[in-house]
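A.B. asks: Here it is, the structure, as structure tokens.
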Amino acid sequence: MDHLHRHVALSRKGFLALGASGVATAAAGALGPAAALAAPQPPAPQGDDLGFLAFGSVGEGASRAFYREALATPRLFDAGERRRVAQALKAKREHIIRLSAAMGPDAVGPGDFEVDLPKSSFATRDKALALGAGLEQLLVGVYLTGAGYAADPGTRLLIARLLTVDGQLLGSLHAMAGQAVGQGPPNPMSTDDAGGALDKLITVPGSPGGR
């Protein structure tokens with residue numbers, strides 16, 4: 001053990017000479033190849049875990065519809081901002097694919113709901129950014145709760161990864177609106193509370209009020 005400690009430990013001078021990548025390599029070598037190359041645990045949702053994933057799937061779908069409409073609306077954003085929106089749209093597609101794979105036969109299908117975003121929300125730049133940020137806040141809040149309380153470790157890891165990306169997208173929308181990117185730690189939300197807000201933008205075909 002003493003030999004291992006001497007092998008891995010580096011003085012400040014040694015760290016500066018070796019560089020961060022060298023330190024990572026040394027640490028990986030000390031831990032062994034299994035620890036360095038371990039793959040993320042795949043999701044195996046249990047019980048209420050499916051609620052977090054189902055909300056995520058619907059919420060990501062609504063958010064994807066927002067980015068698609070924002071990109072299609074002329075003169076809403078400049079060229080650089082449109083590139084950000086296009087990247088966000090791509091990320092949303094990837095999120096939905098990951099969530100559907102994790103849910104398996106319980107996945108939310110493309111015909112299970114329809115997104116009905118108010119056209120007035122795209123009349124001005126400020127209104128559009130407020131709508132997009134609101135959707136991202138719902139996702140971040142539920143993902144934060146899921147990352148902490150989902151029963152399955154693989155599901156918690158997936159939700160945490162999605163949380164990281166959507167947190168970045170929320171910060172980007174805040175920046176585009178001229179607001180501070182970091183506005184303090186987000187508040188966790190239950191699927192019931194977030195679902196109540198999302199229901200205003202979602203219709204279920206065949207249900208009362210649906211198509």
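A.B. asks: Checking the conditions here, which among Ala130, Ala160 is of a type in the set (A, V, I, L, M), over 13 Å from the mean Cα position of the chain (by Cα) and farther than 14 Å from Val58 by Cα?
C.D. replies: Values: Ala160 fails: over 13 Å from the mean Cα position of the chain (by Cα).
Going through Ala130, Ala160 in turn, the sole match is Ala130.
A.B. asks: Any residue at all in region 94-101 that's of a type outside the set (Asp, Glu), under 20 Å from Gly196 (Cβ atoms) and assigned to a helix (DSSP H, G or I)?
C.D. replies: No, that holds for no residue.
A.B. asks: Another question, then. Which of the residues that make up region 156-166 are surrounded by fewer than 19 Cβ atoms within 10 Å (Cβ to Cβ) and under 18 Å from Arg93 (Cβ atoms)? Working first, answer last.
C.D. replies: Taking region 156-166 first, the residues surrounded by fewer than 19 Cβ atoms within 10 Å (Cβ to Cβ) are 157, 160-161, 164-165.
Scanning region 156-166 gives Arg161, Thr164, Val165.
A.B. asks: Name every residue in region 101-127 that is of a type in the set (Gly, Ala, Ser) and either over 20 Å from the mean Cα position of the chain (by Cα) or within 13 Å of Arg64 (Cβ to Cβ) (or both), in order of residue number. Let's see the steps before the verdict.
C.D. replies: Just the residues of region 101-127 that are of a type in the set (Gly, Ala, Ser), to begin with: 101-102, 104, 107, 109, 111, 120-121, 123.
Correct list: Gly111, Ser120, Ser121, Ala123.
A.B. asks: What number of residues in region 66-104 are of a type in the set (A, V, I, L, M, F, W, C) and over 22 Å from Leu158 (Cα atoms)? Give the derivation first.
C.D. replies: Filtering region 66-104 for residues of a type in the set (A, V, I, L, M, F, W, C) gives 66, 70-72, 76-77, 79, 85-86, 88-89, 91, 96-97, 99, 101-103.
After this cut, where a residue has to be over 22 Å from Leu158 (Cα atoms) as well, the list is 66, 70-72, 76-77, 79, 85-86.
Qualifying residue count for the region: 9.
A.B. asks: Next question. Give me the residue from region 88-133 that is free of Cβ contacts under 8 Å to residues at least 40 places away in the same chain and closer than 16 Å to Gly167 by Cβ and, out of that set, least open to solvent (accessible area, probe 1.4 Å).
C.D. replies: Lys92
Table: residues versus (1) open to solvent by less than 80 Å² (accessible area, probe 1.4 Å); (2) farther than 30 Å from Asp199 by Cβ; (3) at pLDDT 95 or above; (4) of a type in the set (Val, Ile, Thr).
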| position | (1), (2), (3), (4) |
| --- | --- |
| Asp2 | no, yes, no, no |
| Ala9 | yes, yes, no, no |
| Pro43 | yes, no, yes, no |
| Asp49 | yes, no, yes, no |
| Phe52 | yes, no, yes, no |
| Gly56 | yes, no, yes, no |
| Arg84 | no, no, yes, no |
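A.B. asks: Among the residues of region 97-121, which ones are β-branched (Val, Ile, Thr) and in contact with a strand residue (DSSP E or B) (Cβ under 8 Å, 6 or more places away or on another chain)?
C.D. replies: Going through region 97-121, the residues β-branched (Val, Ile, Thr) turn out to be 97, 108, 115.
Val115 - this is the single residue of region 97-121 that is β-branched (Val, Ile, Thr) and in contact with a strand residue (DSSP E or B) (Cβ under 8 Å, 6 or more places away or on another chain).
A.B. asks: If Val204 satisfies every condition in (1) of a type outside the set (Ser, Thr, Tyr); (2) out of contact with any Leu (no Cβ under 6 Å at 6 or more places or on another chain); (3) at pLDDT 95 or above but one, which is the exception?
C.D. replies: The single condition Val204 does not satisfy is (3).
A.B. asks: The conditions are (1) in a helix (DSSP H, G or I); (2) more than 17 Å from the chain's Cα centre (by Cα), and Leu138 fails exactly one of them. Which is it?
C.D. replies: Status for Leu138: all satisfied but (2).
A.B. asks: Any chance region 141-153 includes a residue that's among the aliphatic types (A, V, I, L, M), open to solvent by 20 Å² or more (accessible area, probe 1.4 Å) and within 19 Å of Asp199 (Cβ to Cβ)?
C.D. replies: If we filter region 141-153 for residues that are among the aliphatic types (A, V, I, L, M), which is where we start, we get 142, 144, 147, 150-151.
From what's left, open to solvent by 20 Å² or more (accessible area, probe 1.4 Å): 144, 147, 151.
This time we only want the ones that are within 19 Å of Asp199 (Cβ to Cβ), so: none.
Within region 141-153, none of the residues are among the aliphatic types (A, V, I, L, M), open to solvent by 20 Å² or more (accessible area, probe 1.4 Å) and within 19 Å of Asp199 (Cβ to Cβ).
A.B. asks: Which condition number in (1) open to solvent by 60 Å² or more (accessible area, probe 1.4 Å); (2) within 16 Å of Glu60 (Cβ to Cβ); (3) not basic (Lys, Arg) is the one that Gly182 fails?
C.D. replies: With (1) open to solvent by 60 Å² or more (accessible area, probe 1.4 Å); (2) within 16 Å of Glu60 (Cβ to Cβ); (3) not basic (Lys, Arg) applied to Gly182, the lone miss is (2).
The values are calculated or read from the model by the stated rules, or taken from the named source; none is laboratory data. In this text the structure is predicted, and so the values were computed from the model without any measurement. Quick reminder, even Gly has a Cβ in these numbers, built from the backbone with ideal geometry, and neighbours come from all protein chains shown. Accessible surface areas use protein heavy atoms only, side chains included; no ligands, DNA or RNA. Shrake-Rupley method; radii C 1.70, N 1.55, O 1.52, S 1.80 Å.
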